Each structure stands twice: as C-alpha cells, then as structure tokens.
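Have a look at the structure below before the remarks.
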Protein chains: 4
Amino acid sequence: MRALVINCTLKPSPAPSNTEALAAVVAEALEKQGVTVGWVRAVDHDIKPGVESDMGDGDQWPAIREQILASEILIIATPTWVGHPSSVAQRVIERMDAMISETDDAGCPVAYNRVAGVVNTGNEDGAHHVISEICGALVDIGFTIPAQAWTYWHLGPGGGPNYLDDQRGHDWAASTGRAMAQNLVTAAAALAVTPLKAPPD
Amino acid sequence: MRALVINCTLKPSPAPSNTEALAAVVAEALEKQGVTVGWVRAVDHDIKPGVESDMGDGDQWPAIREQILASEILIIATPTWVGHPSSVAQRVIERMDAMISETDDAGCPVAYNRVAGVVNTGNEDGAHHVISEICGALVDIGFTIPAQAWTYWHLGPGGGPNYLDDQRGHDWAASTGRAMAQNLVTAAAALAVTPLKAPPD
Amino acid sequence: MRALVINCTLKPSPAPSNTEALAAVVAEALEKQGVTVGWVRAVDHDIKPGVESDMGDGDQWPAIREQILASEILIIATPTWVGHPSSVAQRVIERMDAMISETDDAGCPVAYNRVAGVVNTGNEDGAHHVISEICGALVDIGFTIPAQAWTYWHLGPGGGPNYLDDQRGHDWAASTGRAMAQNLVTAAAALAVTPLKAPPD
Amino acid sequence: MRALVINCTLKPSPAPSNTEALAAVVAEALEKQGVTVGWVRAVDHDIKPGVESDMGDGDQWPAIREQILASEILIIATPTWVGHPSSVAQRVIERMDAMISETDDAGCPVAYNRVAGVVNTGNEDGAHHVISEICGALVDIGFTIPAQAWTYWHLGPGGGPNYLDDQRGHDWAASTGRAMAQNLVTAAAALAVTPLKAPPD
C-alpha cells in the first residue's frame, strides 16, 4: 500500500516546515503498518494556476498527479493562514478538480477507492475549519474520508508559537495522528476488498 | 442494512418539506438496494440543548440516538439558511458530540464503521459549505464519509424558488443522489467486511 | 448609544456561562464609553424555528427583535461546538433572516446603520470560523462589521479547559475585546453621522 | 476617493475573466459616484508565497500592497473553485496578513479606516461561503465590511455555465453590485469623518 503526503507549507525547501514535522508523525505510523510513504513539498514545484490536469508549458502538476494516482492514501498537510488552508493547498485542490470528470476503465472517477486525511498546523486557531474545507473538497473529488482521519496542532488564543518551537500538545497531536494512520490504512484495505463501483447513471 | 435519514427542516409536520422531498429520492435508491430506511423529522421532537447523550427531563434525543446506533448509514438532510446548515441540524450534531467519547465493547468510538452523507436544499446558494460543515463534524464524531456521498439543489443567484416549486435541476440532483446511495451502501459493506479498529492508544 | 449582547450558550440559566464571562469584558468596555448594554440569554427564551419575524403562538423572538432594533450595536456571543457556532446562535441568525426584506421609512433594510461583532469561547479550536460564519451572515442581513470587532478564547490542541477554569490567555482575550468595543462604538458613531442610504434600485 | 479591485481569477491575461466582468459592474457604479478605480489582475504578477510584506527577490507584492494602502476601498473579486475562494485570492490574503501588525503614525493598523467588499462568480455553488471567508479574513486584517458589500453570480445546481455565457441572473447581480458600491462609498466616507482610533492597549 502506498501513501502520498503533499506538504502545502508556504516555505520553499530547505526551510524547516512545522507542517512537515507533524505529518512525519503520521507517516511514521503508516510505515509501521507497512505503507510506503512518498512526499511532495508542493511549493518547491511550479504548479500552474488552473483546473485542468495539464496546464501546459512548464507545469509540474502532471508528475504530482501521477503520484496521487499511484497511491491508495492521500494526506494533505497544510498550515493555517488567516484561519484558512494555505494558498498552496488550495492550488493543489484546484488542480485535483479535473479528477471529478476523469474516469478509469470501469467508469469510476479516478479518485474512487482512495482514502484521504488532513494534517494541520498553525500559530493560531483554524484547524477544524481547515480540515472541513479540505475533506469537503476531497469528498467532492471522489476520495473517501475515514473516521477521524486528521490531526492538528496549535496553541491559543491569539497568535502563538509554531509546532517546532513548543512541546505542549505534541502528545495529543501524535496520538491523534496514529489513530488517523490506522483508520486510513484500514479504510483503504476495506475499499480494496469491497470497492466502490461506477455511478449508476 | 439500515439507514436513518434525519430531516433537519425548520418546519414542523405536517408542513411540506423540500428537504424531505429530495432526501426521498436518495431513500428510494437505498431501498432498491435492499436497505431499510428510517426517518426522523428532528423539529417534531424536543431535542434539548446540550452536548450529552441524555439531557434529562423531557429530552427526546435518546430515542433518536438509539436509531442512529441501530443503523449503518446516516443521512443528515438539511435546508440552507443564511448560507449555513439549519439550527436543527446543528442541534443534532451537538447532541452527537457526546459520541466522540463513547466506545463500544471493543473500545471503538460508537460511530466507527458507520457511514454518512448529506442531502441539502435551499432557496439560495450555500450547498458546498453546508456539506463540508456537516461532513467535517461527522468525521470528527467517527463516521466515514464515502466519495461523493451528497446531493443538493438550489437555483441562483440570489433568493430563488424552493425545490418543490421548480423542476429545473431535479434530474441532476436525483442522479447525484443515486450515486450517493450506491456509495453509502458499498462503503458500509466494505467496513462491515473490514472494520476500523479501536484507536491504538 | 445602546448595545445588545445575545448570549448563545447552550446552557439555560442559572448555569454559569463561559461565553457570558468573556462577553462581560466587552460589555464593561462598552459601558466605560457610555454605552448602555442589554443582555439576552437566548436559550432561556422559546425562540421558535422559522425565518419570519413572528412565528406565532408562544414565540418569544419578537421581543428580542425589538431589542435588536432599539440598539445601534449587536454582539453575538457564542460557544464553539464541533467547530461551529452553537445551534442557538444559528437559530438567532435564522430569525434575523427576515430582516433582509424589512425596510424602514426611508427604504433602508432595518439592520442598516447598525454595527455588529462576535465574542466566542470554546473548549477546542474553531474561533476564526465561528467569527467568519457569523460576520458573513450579519453582513448579509445588513449590519456593518467594524475592523477587528471580535474576541475569542480557547486553548489547544484538542479538547481543553473552559474559559472560567483557566486563566491563561485571558489578558489577550480581554485586550482584544477592548479594541473590539472601541471599534464598535466608533463605527456606530460614524454611521450615525454619515448613514448608509437605501439601495439605489 | 480611490478603490482597488484585485481580480483573483486563475486565468492570466489576456484570457477573458468572468470575475472581471461582474466586478466591472461594481467598478462602474463606483465611478459614477466619483471614485477612481484601479485594477490588479493578481495572477499576472509574481506574488511570492509567504506572510511578510516583502518576500524578496522578484516579489511583485510590494507594489500591489502600495496600491491597497493608497485606496480607501478594496474589492476582492474571486472565482469559486471546489466551493472555495481561489488559490490566488488566498495568496493575496496571506500577503495581507502582515498588515495585522503594521501600524501607521497614530498607532492604527494600516488597514483601519478602509472598507472592503467581495465580488464572486463561479460555475457552481459556493458564493456565500467565499464571501464569508474573505470578509472574515479582511475584518481580522483591519478592514471594515459595510452592510451587504458583496455581489455574486452562479447558476445551479451542479456545474453550470460561466457568467459571460449566460444572461440569467445578471440583473440581480448588477443591482446587488450597485448597492454594494453605494455602501462602500458611504462607509468609507463615514470613517473619513469619524475614524477608528488606535487600539486602547
């Protein structure tokens, strides 16, 4: 089984990413269950604006799209900015919009029988909303969201420290992340045994 | 397999409910697949404010909670008001909040291995948001949301007609609702064969 | 100048309300600027479901509506439940929906030239979203939202203590609340001097 | 008085922009009231990811930021993608995040005493949410949102035509846009006469 983590931090490599650090907890739990985990740091790639799977000259999205379709599990990891998913996360979702009308040989939308979850960090409040926004979009695109398939971290109220700078709450975020990993793996296995079929009409 | 539709219209019986009318399309598709469908019109019951499973004297939530736990599929059907899920839908979600910490004999949160979807009608824009809000909450509580497990209807822009008063777009909403029904049944079956386990720690 | 605080806690009187406690900080700041502050604890009243200004027999909304229209400043104070405004807050907003089409003698929607803000508490993340949801609805209904007209409090990540049980972050929430109060008063005064006019067509 | 429209379409020039077309209705109404309207098509500029006012080498945000600060009125015009504001709109908001802690000589956040509104188009549902998300963020940053300072257009349910391809609903969107323009101008004038002051502490 393969998983892909798309880290949607605003910071290009090699800057440290708080979001990557929390996502790594989930990735480690996936690997312990035998899942091969791939990573994409989206901001390091030239993902053109648009809603088609290939926006042409210089567009680096098609290679990322291939990695999504080669994985049974997708994790969108994003910081919170002004209470929202990052612009990089929204760009990734926009590019996945094309998948709604792309089908496989059986007539299923290409995202069917894949599962997804969310990892979120921030220096301020917004996690539940970020998670709902991304899960809502991914369900629309054709992913299944298993129970409690997310974890998050921030301290509050008001602007606070970053994940890498404060150890408080790490245990909760890690424990929640391990449950997330377990549910992603089980739900992906469940859909492999009993797959969703093409829409009836 | 059993499904429960909780209709969160603001209008007590016997007033006609647009939301019920669209949810009936989904219910019919579920029944064609052999699912037994129960209905609750939440506003007809005295659901006390609070976040515990039994708020005491006169509280009619416990009986609804039993019906949720007797079903593998939950459908929250809600109108859109001022762009949001109805106050009745939010009341229902608040009462389900207690389920986050209630576990079965195996240590699983009681909502695990149940699937859920959303039916939404309105006289104005707001469906994607209503669906994301409810799906986000249900994932938090422990439900799994299958791919594209929703349908909706409204015309726009601005305030427009009600579902029962205009036939435009009914075909799209029905077709989307039939796909929703199929995915709910398949995902519920998948989790019956390959169930989520209790969180690891 | 008059302000009305509608406390949308789920807990009927006389239970202590965390939301009331934070809103009291804002009310005190308003009073120091000469504003008369009224309070409604919405859950103590029988506010019928619906979207008209009077839902008939036993409906206690009309008296609350009168208090809104007698005030230049409205504060919606709400807890966060499952990341959302409370069902009581949504009920209040639904009942204000009727104001969109109610006009005064000059042809202005009745909420015009009134300002509004939000106070939010919770035992978990959700404040930015709660504030956006309520502000978005109130702008739709006809209120003006001054800059930074909100305050909130919760600790995170995951479920944490209530406002009344933990002193951390109170200073930030109070300072933010005093700025909110100042901006509400100034913006209300600005619209009194230079009022919005009836829509052009 | 000056206004700036930031068009957050995903399509670089010279592709036709539906969002620009609806925003032009609002701009025309502003100009009739004597306002000078500037335009930025954000996707045509290299706006670096980040949350500071100048992200360094090649960053074209600082010039846009200057235009915002030279205007009393800001209009964020955005398409809806997967029910959300566009990635370009979120990028613009992220870059404005720095303004929260930037103050003028009087100690006011730099966005104070500026007003803002939203223009939204889409080929599917999502407008109320897009408007709430953007208004919530702008209030946080320090803008004041006047009553009903938005307009939108889409047809539904499901994916439909673009604004430029269908005349239905244009009258409603234009009328709503003219009211928006009037309220933006009046509220900006109100704050010019009676300005918000620096936060009290």
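Within the range A:1-17, the set of residues being farther than 19 Å from residue A:115 by Cβ and buried (at least 22 other Cβ atoms within 10 Å of the Cβ) comprises A:9, A:10, A:17.
Taking the range C:57-104 as the range and being within 14 Å of another protein chain (Cβ to nearest Cβ) and small (Gly, Ala, Ser) as the test, the residues that pass are C:58, C:83, C:86, C:87, C:89, C:98, C:101. Being open to solvent by less than 70 Å² (accessible area, probe 1.4 Å), assigned to a strand (DSSP E or B), modelled with pLDDT of 95 or more and of a type outside the set (Lys, Arg): is that true of residue C:25 here? In short, no.
One line per residue, one yes/no per condition, for (1) open to solvent by 30 Å² or more (accessible area, probe 1.4 Å); (2) touching a residue at least 40 places away in the same chain (Cβ under 8 Å):
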| site | (1), (2) |
| --- | --- |
| B:161 | yes, no |
| B:168 | yes, no |
| B:179 | no, no |
| B:182 | no, yes |
| B:187 | no, yes |
| B:190 | no, no |
| B:193 | yes, no |
| B:197 | yes, yes |
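Of all residues in the range D:29-72, those being among the charged types (D, E, K, R), open to solvent by less than 50 Å² (accessible area, probe 1.4 Å) and not in a strand (DSSP E or B) number 2. Counting only residues that are among the aromatic types (Phe, Trp, Tyr) and under 28 Å from residue C:173 (Cβ atoms), how many does the range C:88-139 have? Count: 0.
Could you tell me whether any residue of the range A:124-132 is more than 9 Å from chain B (Cβ to nearest Cβ) and either farther than 23 Å from residue D:50 by Cβ or out of contact with any strand residue (DSSP E or B) (no Cβ under 6 Å at 6 or more places or on another chain) (or both)? Yes: the range A:124-132 contains one or more residues that are more than 9 Å from chain B (Cβ to nearest Cβ) and either farther than 23 Å from residue D:50 by Cβ or out of contact with any strand residue (DSSP E or B) (no Cβ under 6 Å at 6 or more places or on another chain) (or both). Please go through the range B:130-155 and give me each residue that is over 14 Å from the mean Cα position of the chain (by Cα) and open to solvent by less than 10 Å² (accessible area, probe 1.4 Å), ordered by number. B:147, B:153, B:154 - these are the residues of the range B:130-155 that are over 14 Å from the mean Cα position of the chain (by Cα) and open to solvent by less than 10 Å² (accessible area, probe 1.4 Å). Taking the criterion of being of a type in the set (Gly, Ala, Ser), over 30 Å from residue A:186 (Cβ atoms) and more than 7 Å from chain A (Cβ to nearest Cβ), the residues of the range B:157-192 that qualify are B:158, B:159, B:160, B:169, B:173, B:174. Within the range B:74-85, restricting attention to residues that are touching a residue at least 60 places away in the same chain (Cβ under 8 Å) and more than 25 Å from residue B:35 (Cβ to Cβ), the residue that is least open to solvent (accessible area, probe 1.4 Å) is B:80. Pairing each residue of the range A:95-118 that is aromatic (Phe, Trp, Tyr) with any residue that is open to solvent by 10 Å² or more (accessible area, probe 1.4 Å), provided the two are 6+ apart or on different chains, yields C-beta distances under 8 Å for A:112/A:104; A:112/A:195. Residues of the range D:86-112 that are buried (at least 24 other Cβ atoms within 10 Å of the Cβ) and part of a loop (DSSP other than H, G, I, E, B): D:86, D:111, D:112.
The values are calculated or read from the model by the stated rules, or taken from the named source; none is laboratory data. Since this is a predicted model, take the numbers as computed values, not measurements. Neighbour counts are summed over all protein chains in view; Cβ atoms, including those assigned to glycine, are modelled from backbone coordinates with ideal geometry. These area figures cover heavy atoms from the full protein model, side chains too; ligands, DNA and RNA do not enter into them. Shrake-Rupley method; radii C 1.70, N 1.55, O 1.52, S 1.80 Å.
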